Amino acid sequence: MKVTKTISTKDSSRIFTICCLALLVTSMTFAIRAGILSQLGAEFALSDGQLGWINAMAFMGFPVSMMIGGALYNSLGAKKLLLIAFVFHIAGLLLTISAEGFWSLLISTFFIGFANGAVEAGCNPLIAETYPDKKTTMLNKFHVWFPGGIVVGALISKAMTDANLGWQLQIVVMLIPAVIYGLMTLKQRFQEFERIKGSTSGNVKALFSPLFIFIAFCMTLTTTAELGTQQWIERIMGASGASPMLIMALITGLMAVGRYFAGPVIHRLNPVGVLLFSAIVSTAGIYSMSIATGPMVYIAAILFAVGVMYFWPTMVGFVAENIPESGALGMSMIGGAGMFALSLWNPVIGSWIDSAREKANASIATGVEPELLAGQSVLANLTFFPAILIVAFSFLYFYMKRKNTHLK
C-alpha cells in the first residue's frame with residue numbers, strides 16, 4: 001500500500017513525456033542495430049554468431065541494469081535512474097560510433113543495454129505510482145513508444161541505408177532524443193512517493209512466490225518470441241522478397257496503435273485473457289512468416305504484430321496488479337528475466353542462421369534462395385516459444401479464475 005503527495009496534472013504529464021522520450025531512444029537502439037547488422041558484419045568481417053554475441057550484450061546489459069535499478073529504486077528514485085540511463089546512452093552511442101571491431105562493439109552495446117534497462121527500471125514503477133488506478137492501461141500507453149520508436153528507427157535506418165549513408169550516421173541520429181530527455185529530466189521536479197509498507201527486503205521476499213516465478217518463466221518466452229524475431233528480422237527475412245525494415249515498421253506500427261488503445265481490450269478480456277490470446281495469435285504469426293514469401297510476408301507480419309503487441313506491458317502490469325508486494329523490484333525483475341533470457345538466446349539464434357545457411361547451401365534446390373530457406377528454418381524454430389505459452393497461459397487463466405483475482 002502506498003500513499004502519495006498530490007501530483008499536479010501538469011507534472012504528471014511532463015514526467016510521462018520524459019519517460020516516453022527515454023523509451024523512444026531505447027527502442028531506436030533496437031531498430032537501428034537490427035538495420036545495420038549486415039553493415040557491421042561486412043565492415044568488421046563478423047559472422048552471424050559474432051553478431052549474435054554483440055546483440056546479446058544489449059540484452060545482457062538490460063537485465064543487469066534492471067536488477068540493480070529495481071533494488072535501488074526505493075533509495076535512488078526515478079529521476080536518478082533516468083539520469084544514469086542518460087549517461088550510459090550517451091557513452092554507449094559515442095563508443096559505438098568510434099568502434100574498431102568486435103570487442104569495442106561488444107562493450108558499447110552493453111552500455112546501451114544498461115541504459116535501456118535503467119529506463120525501464122525507473123519508468124515502470126514511476127508510471128504505476130503516478131497512475132495507481134489504471135496501472136496496466138498507462139503502462140501499455142507508455143510502451144506504445146517501444147514499437148513506436150522501432151517504427152521511427154526502422155524507417156530512418158532504411159532511408160539512410162538506401163541513401164548509402166554510413167552506419168555511424170544512423171547512430172548519431174539517436175543522440176538527439178537522448179540529449180532532449182536528459183535535459184528535461186535535469187529540469188523536472190519528480191514527485192516523491194511515500195511508502196507505508198513495501199521495503200526492499202519485502203520486495204525481495206515476494207520474488208520467491210510461486211506466481212512470480214511462473215510469470216518470470218513466461219516472460220522469458222514472451223520476450224524471445226517478440227524481440228528475438230524482430231532483432232534478427234533483417235537477417236532472417238532479407239531473402240523473402242519483402243523489405244525487412246518495412247516489415248519491422250509495419251509490425252511495430254501496428255503494435256503502437258494496439259497498445260495505445262489497450263484499455264478497452266484489457267477491460268474486456270482481462271490481462272490473463274489478453275496474454276492467452278496473444279500466445280495463440282503470435283504462434284500463428286511466426287509460423288505464417290516461416291512459410292510465406294513475397295507480399296504474403298506482410299500479411300503474416302500483421303498477424304505476428306497482433307500476437308505480440310500486448311505481451312511486454314501486460315506482463316509488467318500483471319505483476320504490478322497481482323503481486324504488488326514485489327514493488328518496483330518486481331517490475332524490474334520481470335523485465336530483466338525476459339531480457340536475460342534473450343541475451344542467452346541471441347547467440348543461439350545467430351548460430352541457427354549460420355547452421356541453416358550451411359545446410360541450405362549443401363542441399364540447394366533449383367530456383368530456391370539458400371538465404372530464404374535458412375530464414376524460414378530459423379522462424380520455424382522460433383514458433384516453439386509462443387506455442388509453449390499457449391499451454392502456460394491456459395493454466396494461468398484457470399488458476400486466476402479459481403482465485404477470482406481480477407477476473408469476472
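Can you confirm whether the range 217-230 contains a residue that is of a type in the set (Ser, Thr, Tyr), modelled with pLDDT under 85 and over 15 Å from the mean Cα position of the chain (by Cα)?
No - not one qualifying residue is present in the range 217-230.
Hey, does the range 62-72 have a residue that's at pLDDT below 90, more than 20 Å from Pro347 (Cβ to Cβ) and not in a helix (DSSP H, G or I)?
No, the conditions are met nowhere in the range 62-72.
Name the residues in the range 291-319 that are among the hydrophobic types (A, V, I, L, M, F, W, C), under 13 Å from Ala262 (Cα atoms) and open to solvent by 10 Å² or more (accessible area, probe 1.4 Å), would you?
Answer for the range 291-319, where residues must be among the hydrophobic types (A, V, I, L, M, F, W, C), under 13 Å from Ala262 (Cα atoms) and open to solvent by 10 Å² or more (accessible area, probe 1.4 Å): Val306, Met309, Trp312.
May I ask you to say which residue of Leu93, Leu82, Leu51, Leu106 is open to solvent by less than 30 Å² (accessible area, probe 1.4 Å), out of contact with any Phe, Trp or Tyr (no Cβ under 8 Å at 6 or more places or on another chain) and modelled with pLDDT of 85 or more?
Leu93
Quick check: is even one residue across the range 21-34 open to solvent by 30 Å² or more (accessible area, probe 1.4 Å) and either of a type in the set (Gly, Ala, Ser) or part of a helix (DSSP H, G or I) (or both)?
The answer is yes, given that some residue of the range 21-34 is open to solvent by 30 Å² or more (accessible area, probe 1.4 Å) and either of a type in the set (Gly, Ala, Ser) or part of a helix (DSSP H, G or I) (or both).
On the given criteria, is Ile266 under 21 Å from Ser394 (Cβ atoms), in a helix (DSSP H, G or I), open to solvent by less than 50 Å² (accessible area, probe 1.4 Å) and not aromatic (Phe, Trp, Tyr)?
The answer is yes for Ile266.
Considering the range 269-294 alone, what residues qualify as being hydrophobic (A, V, I, L, M, F, W, C) and under 19 Å from Phe393 (Cβ atoms)?
Passing the criteria: Leu269, Val272, Val274, Leu275, Leu276, Phe277, Ala279, Ile280, Val281, Ala284, Ile286.
Which of the following residues is in a helix (DSSP H, G or I), closer than 30 Å to Tyr310 by Cβ and more than 19 Å from the chain's Cα centre (by Cα): Val119, Val173, Val179?
Val173
Please list, ordered by first then second residue, the pairs with beta carbon atoms under 7 Å, 6 or more apart or interchain, first in the range 342-362 and touching a residue at least 24 places away in the same chain (Cβ under 8 Å), second among the polar types (S, T, N, Q) and open to solvent by 40 Å² or more (accessible area, probe 1.4 Å).
Listed by first residue and then by second, the contacts come to Trp352/Asn381; Asp354/Ser47.
Out of all the residues in the range 348-356, is one or more hydroxyl-bearing (Ser, Thr, Tyr), in a helix (DSSP H, G or I), more than 24 Å from Pro63 (Cβ to Cβ) and open to solvent by less than 30 Å² (accessible area, probe 1.4 Å)?
no
Go through Ser332, Ser343, Ser288 for me and flag whichever is over 17 Å from Phe142 (Cβ atoms) and either of a type in the set (Asp, Glu) or open to solvent by less than 10 Å² (accessible area, probe 1.4 Å) (or both).
One residue alone meets the criteria, Ser343.
Can you find a residue in the range 273-287 that is within 23 Å of Lys134 (Cα to Cα), part of a helix (DSSP H, G or I) and aromatic (Phe, Trp, Tyr)?
yes
Between residues in the range 15-36 that are more than 15 Å from Thr96 (Cβ to Cβ) and residues that are part of a helix (DSSP H, G or I) and basic (Lys, Arg), which pairs lie under 9 Å by C-beta distance while being six or more apart or on different chains?
What qualifies is Phe16/Lys141; Cys20/Lys141.
The values are calculated or read from the model by the stated rules, or taken from the named source; none is laboratory data. Since this is a predicted model, take the numbers as computed values, not measurements. Using ideal geometry, Cβ is built from the backbone for each residue, glycine included, and neighbour counts are taken over all protein chains shown. Just so you know, the surface numbers come from the protein's heavy atoms only, side chains and all, with ligands and any DNA or RNA stripped out. Shrake-Rupley method; radii C 1.70, N 1.55, O 1.52, S 1.80 Å.
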